[in-house]
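The values are calculated or read from the model by the stated rules, or taken from the named source; none is laboratory data. Because the structure is a prediction, the values reported are computed rather than measured. Glycine also receives a Cβ, built like all others from the backbone with ideal geometry; neighbour counts cover every protein chain displayed.
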Amino acid sequence: MADSFNTSLAYVATPSPPDPQAVQYPAPYNLQPTGSEFATEFSYSETLLIRRAIAREIFDAVPKKYAALRLLMDKPVQYEDNDVFTYLEKTFGRVALKAAAITATGATQDITLTSGGCANVTINKVIVYPDNSKGIVYAVGTVADHIYVKKFNGASNLTAVAVDDYFSIQTSVIADGQNFLTHYDRMSKIERYNYIQLMHRDKRWTRKEMQKFANLSTTNYFDLDKKEQMDLLLQDMFISLWNGKRGEVDIAVPGVAAPTTDNSYRAMTMQGIFPAMVAAGSASASGVTKATLQESFEALAFETDYKSEGGVRFIFAQNALLYELSKSWKETGLRYKPESKIGDLNLSIYKIGDMSFVPVATELFKEVSCFPVTWQHRLFVLDTETIHPVCMKGYQPVEVGQTSPKGTNGSIQDYTEWWIQGMLSLKMNNPLSSFYLDTTGIVSDLITPHNPQ
């Protein structure tokens, strides 16, 4: 509407409290600056002579409970020479044998093992049957995946074997004066690999835009906009660390048709924690309810207990799930005092037997712009000592820079671009020391946009 002060207006200021228009014009309630929401809503005039009251500081409404990001991302980075790297693990050194067929009782037995089972046993090994009876192996692999077993001298016949029976390996036996060797072993290893991924967040401001903000800024928008660039990249890195898929993608070029492997740049993507756990067969449970939460958690905790006595594992889930878990233990957690300041996040610690667990609220799991809805119901227990962020030598995990605008260094670009780059991958040794639970009915799906009106 028109500015009431832009026209010459004479009037008599008659003392008349019942009629504010006669006392003063425009009336005080009708004095609104340009852009006033009140003037727009109730159709009042606006004036340029006063300015809108705008808070200088823009409130940052992004959730702050991101301790999990610091706990995982602040770990010492391991540097690799190449963007594809392999890392090895030493295995336990002995593997149980598993039957693949029925075998009748007898003084000797021809036992069919699952594929590759013969690589885990030699002749003159004592094996233990499920009923704790014993036999000694006298031949291995004369037919693929078969071992041949004799009873002990003077003992009863060997126990009948069922499909999926497991045999423990008790010991290697030699005789006094024996002049040959039969118990040869080589250390077994597991090879794992991953790719190193590059990530970017970019901003462009023209020279005139920046000057207008310098001259006329009413808020700290310009500074906060640049800070958000770092926040978004760290979130990208955090999400990839958890849920990245190892592979290759084609990069689309602006203004060019859909990319194909013939006309595009290509980029590697990294494997994250959850896909690494699934690929390795980490222990898990699904359909876990409030009634079975404690039982399922404790069963998997003992099944995956690879740490030394008192070793700490961390529980990552949204706060509501952690609260239900804490209620199931019916005890107050002690203050967690880590040796490393990285873990000093005002956390509590719970004890189960000689195991220790520290819950870490991971609120990004319930943000559907970051993770699928199913992650709101997922609870991870990780041995964080086995998890290492990786970067390539010659790079830093986070690098920043900006271009020069027109008028500086001979540049002809009439804008400045700020870029921030992340380089990240993951090593996860022994994923079997970690586990996850998928719950149902404990917390409700939360799909809330982060632009509330």
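Of the residues that sit in the range 312-359 and are of a type in the set (Gly, Ala, Ser) and more than 24 Å from Lys290 (Cα to Cα), which one is modelled with the lowest pLDDT?
Gly343
Count, please, the residues in the range 265-306 that happen to be over 19 Å from Ile196 (Cα atoms) and part of a loop (DSSP other than H, G, I, E, B).
Matching residues across the range 265-306 total 9.
Among the numbered criteria (1) at pLDDT below 90; (2) over 26 Å from Tyr87 (Cβ atoms); (3) of a type in the set (Asp, Glu), which one does Glu295 miss?
Only one criterion in (1) at pLDDT below 90; (2) over 26 Å from Tyr87 (Cβ atoms); (3) of a type in the set (Asp, Glu) is unmet by Glu295, namely (1).
Please go through the range 349-366 and pick out each residue that is under 13 Å from the mean Cα position of the chain (by Cα) and not hydrophobic (A, V, I, L, M, F, W, C).
Correct list: Thr362, Glu363, Lys366.
Taking the options Met199, Met210, name whichever one is in contact (Cβ under 8 Å) with a residue 24 or more places away in the chain, of a type in the set (A, V, I, L, M, F, W, C), part of a helix (DSSP H, G or I) and closer than 30 Å to Asp231 by Cβ.
Met210
Answer yes or no as to whether Ile136 is β-branched (Val, Ile, Thr) and out of contact with any Gly (no Cβ under 8 Å at 6 or more places or on another chain).
Considered against the rule, which asks whether it is β-branched (Val, Ile, Thr) and out of contact with any Gly (no Cβ under 8 Å at 6 or more places or on another chain), Ile136 comes out as yes.
Name the residue, out of Ser172, Ser188, Ser168, Ser156, that is within 30 Å of Val77 (Cβ to Cβ) and small (Gly, Ala, Ser).
Result: Ser188 is the single residue among Ser172, Ser188, Ser168, Ser156 that is within 30 Å of Val77 (Cβ to Cβ) and small (Gly, Ala, Ser).
Would you check which residues across the range 191-206 are surrounded by 14 or more Cβ atoms within 10 Å (Cβ to Cβ) and either modelled with pLDDT under 85 or within 29 Å of the chain's Cα centre (by Cα) (or both) and list them?
Arg192, Asn194, Tyr195, Ile196, Gln197, Leu198, Met199, Arg201, Lys203
Yes or no: the range 159-177 includes at least one residue that is of a type outside the set (Gly, Ala, Ser), surrounded by 16 or more Cβ atoms within 10 Å (Cβ to Cβ) and assigned to a loop (DSSP other than H, G, I, E, B).
Yes, there is a match, as at least one residue in the range 159-177 is of a type outside the set (Gly, Ala, Ser), surrounded by 16 or more Cβ atoms within 10 Å (Cβ to Cβ) and assigned to a loop (DSSP other than H, G, I, E, B).
Any residue in the range 114-128 that is of a type in the set (S, T, N, Q), free of Cβ contacts under 8 Å to residues at least 40 places away in the same chain and under 23 Å from Leu432 (Cα atoms)?
Checking the range 114-128: at least one residue is of a type in the set (S, T, N, Q), free of Cβ contacts under 8 Å to residues at least 40 places away in the same chain and under 23 Å from Leu432 (Cα atoms).
Cβ-Cβ under 6 Å, sequence separation 6+ or interchain: first residue in the range 373-398 and over 13 Å from Leu426 (Cα atoms) and in the same structural domain as Asp445 (by TED's automatic domain parsing), partner modelled with pLDDT under 90 and of a type in the set (Lys, Arg). Which pairs?
Gln376/Lys366
Could you grab me the full set of residues in the range 135-158 that are in a strand (DSSP E or B) and surrounded by 14 or more Cβ atoms within 10 Å (Cβ to Cβ)?
If the condition is that a residue be in a strand (DSSP E or B) and surrounded by 14 or more Cβ atoms within 10 Å (Cβ to Cβ), then Gly135, Ile136, Val137, Ala139, Val140, His146, Ile147, Tyr148, Val149, Lys150, Leu158 are the ones that fit.
Give the residues of the range 400-434 that are in a loop (DSSP other than H, G, I, E, B) and in contact (Cβ under 8 Å) with a residue 40 or more places away in the chain, sorted by residue number.
Those that are in a loop (DSSP other than H, G, I, E, B) and in contact (Cβ under 8 Å) with a residue 40 or more places away in the chain: Pro405, Lys406, Gly407, Asp414, Asn429, Asn430, Ser434.
Could you list all residues from the range 213-264 that are surrounded by fewer than 16 Cβ atoms within 10 Å (Cβ to Cβ), part of a loop (DSSP other than H, G, I, E, B) and modelled with pLDDT of 85 or more?
Matches in the range 213-264: Lys245 only.
Name the residues in the range 135-147 that are more than 17 Å from His183 (Cβ to Cβ) and not small (Gly, Ala, Ser), would you?
Thr142, Val143, Asp145, His146
Condition first: in a loop (DSSP other than H, G, I, E, B), surrounded by 14 or more Cβ atoms within 10 Å (Cβ to Cβ) and at pLDDT 90 or above. Now tell me which residues in the range 78-108 satisfy that.
Across the range 78-108, the qualifying residues are Asp83, Ala100, Ala101.
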